[in-house]
Amino acid sequence: MGISIVTFQPVEELAFITLENISIDVHSTRFIKSLEFKVADLQIDNQLLDTSCPVLLHTVRTSDDEDLPSSALILKAKLLPSPNKNAIIFEYLTFDINPCVLILEERLILKTAYFCGVGKSDKYKTNKEYDHGLQNIEELSLSTNPRRFYFESLNLGSSQVIL
């Protein structure tokens, strides 16, 4: 599967994500919901025209791993029932990624940050409106029924990332 990230203004493709051999296993019953998402190979290409390196991220396989079937990315989660709608209970949440190489370029980082909304300003926003927004966030965090997440097991797998 390929996913292309394209900016709106100016129209420009930033990155192309390639996911190969995707496996999704979902089980849902009245009480328990589980998900297992695996990607055998992952690569992200830098699509800027004058890039010095066209590959932004790719997974690394050692010579020992060549014959073994493995997944570049694994996400597993299992939700348990909760009597409180504001409590989300995970029996486990696991995220693992194989060793990978990440090559960052300043222009791509800046364009991606702008694409995500960093640095965009609303010229009609005043300090008073900004303060009001902060006050709303504080009220939300102190509300009587905030949503809470509970984990019996949370595993964010560490892997070698060559930067």
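The values are calculated or read from the model by the stated rules, or taken from the named source; none is laboratory data. Source: prediction; values computed, not measured. Neighbour counts run over all protein chains shown; Cβ positions are idealised from the backbone, glycine included. When the accessible area is computed, the model is the full protein with side chains, heavy atoms only, and any ligands, DNA or RNA have been set aside. Shrake-Rupley method; radii C 1.70, N 1.55, O 1.52, S 1.80 Å.
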At each listed q (0.10 Å⁻¹), what is the log10 of I(q)/I(0) that the Debye formula gives for segment 1-118 modelled as equal alpha-carbon point scatterers?
-0.46
Carbon and sulfur: what percent of segment 1-108's accessible surface (1.4 Å probe)?
58 percent
³J(HN,Hα) across segment 80-91 via Karplus (A = 6.51, B = -1.76, C = 1.60, θ = phi - 60°), whole Hz, x for Gly/Pro?
10, x, 9, x, 9, 5, 8, 10, 10, 10, 9, 6
How large is ³J(HN,Hα) for each residue in segment 112-117, as worked out from phi by the Karplus curve 6.51 cos²θ - 1.76 cosθ + 1.60 (θ = phi - 60°), to whole Hz, x for Gly and Pro?
5, 4, 5, 4, 7, x
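Which FRET efficiency value, to the nearest 0.05, do you get for Val11 and Thr51 by plugging their Cβ-Cβ distance into 1/(1 + (r/R0)^6) with R0 = 22 Å?
So the FRET efficiency works out to roughly 0.80.
Cβ neighbours within 10 Å, averaged per peptide: list 27-35, 75-83 in order, most packed at the top.
Ranking the peptides 27-35, 75-83 by packing returns 75-83, 27-35.
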Determine, for each peptide in 150-159, 107-116, the mean count of other beta carbons within 10 angstrom over its residues, then list the peptides with the highest first.
107-116, 150-159
Estimated distance in nm for a label pair at Ile3 and Ser23, the labels positioned 7 Å out from Cα along Cα-to-Cβ:
2.0 nm
